[in-house]
Amino acid sequence: MSEVKKLFEANRTYASQFSQGQLPIPPARKVAVLTCMDARIDPLRALGADLGDIHVIRNAGGRVTEDAIRSLVISEQLLGTQEILVLHHTDCGMLTFRNEDLYDKISRRLGPDSAKAASNIDFLPFTDLEQSVRDDVETLRNSPLIPSDVLVYGAVYDVHTGEVIPVS
Ligand SMILES: [Zn+2]
């Protein structure tokens with residue numbers, strides 16, 4: 001059986017016990033977290049948040065991209081969030097490659113048309129974890145789409161200890 005089919009099957013149990021179907025759309029704690037898609041991070045549990053408490057925006061690396069900003073603007077302007085946490089993490093896959101490595105792989109595996117399409121993409125890998133947090137916090141603080149009264153925090157999640165360590 002495909003894994004997705006197993007996930008659907010598991011959901012039947014989840015739904016049969018589900019009791020939080022009446023939550024409002026705006027997140028109760030008025031916080032948006034931008035973090036990595038890494039399978040080892042459970043943002044709600046790691047931050048002591050419940051269903052309905054916070055927005056979690058995820059992508060590879062937890063980087064500030066045009067699409068992350070799109071979600072953050074909707075989160076703030078339409079759904080009332082007032083604080084943002086940029087949360088990158090130790091042992092991130094984004095520390096393990098450069099754009100050129102991925103361009104080469106795509107070229108070899110998918111051919112020239114794909115290589116050309118990929119060449120327009122910055123996959124946003126990084127070499128310095130804390131600096132990547134500082135860069136993304138700075139980008140948000142300087143964005144004309146993020147109001148100056150929205151507080152932007154940065155932190156690193158340690159996948160080995162579960163700790164969240166603020167980055168200043
Ligand atoms: Zn990651």
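Only the coordinates and a few stated rules stand behind these numbers; no lab work does. Just so you know, these numbers come straight off a predicted model, no measurement behind them. Cβ sites come from the backbone with ideal geometry, for glycine too, and all protein chains shown count toward neighbours.
Testing the spin-label approximation: label points 7 Å from Cα along Cα→Cβ at residue 117 and residue 60. State their distance in nm.
Computed distance between label sites residue 117 and residue 60 equals 1.4 nm.
In what sequence, highest mean first, do 139-147, 30-38, 87-95 appear when ranked by Cβ atoms within 10 angstrom?
The densest-packed peptide leads the list: 30-38, 87-95, 139-147.
Rank 115, 49, 15 by mean-square fluctuation in a GNM of the chain with C-alpha springs under 10 angstrom and give only the top-ranked residue.
15
With runs of 4+ DSSP H residues as the only contributors, calculate the mean residue ellipticity of the chain at 222 nm using -39,500 (n - 2.57) per run, divided by the residue total and rounded to the nearest 500.
It lands at -10000 deg cm²/dmol.
Rounded, prolate or oblate, given the Cα gyration tensor of segment 1-74, with a/c below 1.5 counting as rounded?
Because a/c hits 1.5 or more and a/b fails to exceed b/c, segment 1-74 counts as oblate.
Among 132, 97, 27, flag the residue with its Cα farthest along the positive direction of the charge dipole of the chain, charges on Cβ as +1 for Lys/Arg and -1 for Asp/Glu.
About the Cα centre, the residue reaching furthest to the positive side is 27.
Assign one of three labels to segment 65-108, namely rounded, prolate or oblate, based on the Cα gyration tensor with a ≥ b ≥ c the square roots of its eigenvalues; rounded applies when a/c is under 1.5, prolate when it is not and a/b is larger than b/c, and oblate otherwise.
Here segment 65-108 falls in the oblate category.
Lysines near residue 105 by alpha-carbon distance under 17 Å, same-chain residues fewer than 8 away left out - which ones?
List returned: 116.
For a test of the definition: using alpha carbon positions, the gyration tensor, and the 1.5 limit on a/c, classify segment 14-168 as rounded, prolate or oblate.
It comes out prolate by the Cα gyration axes.
List the trypsin sites (Lys or Arg not before Pro) within segment 83-130 that DSSP assigns to loop and that have no more than 16 neighbouring Cβ atoms inside 10 Å.
Sparse-neighbourhood loop trypsin sites (Lys or Arg not before Pro): 98.
Under 8 Å for C-alpha pairs, at least 6 residues apart: give me the relative contact order for the chain, rounded to a whole percent.
23
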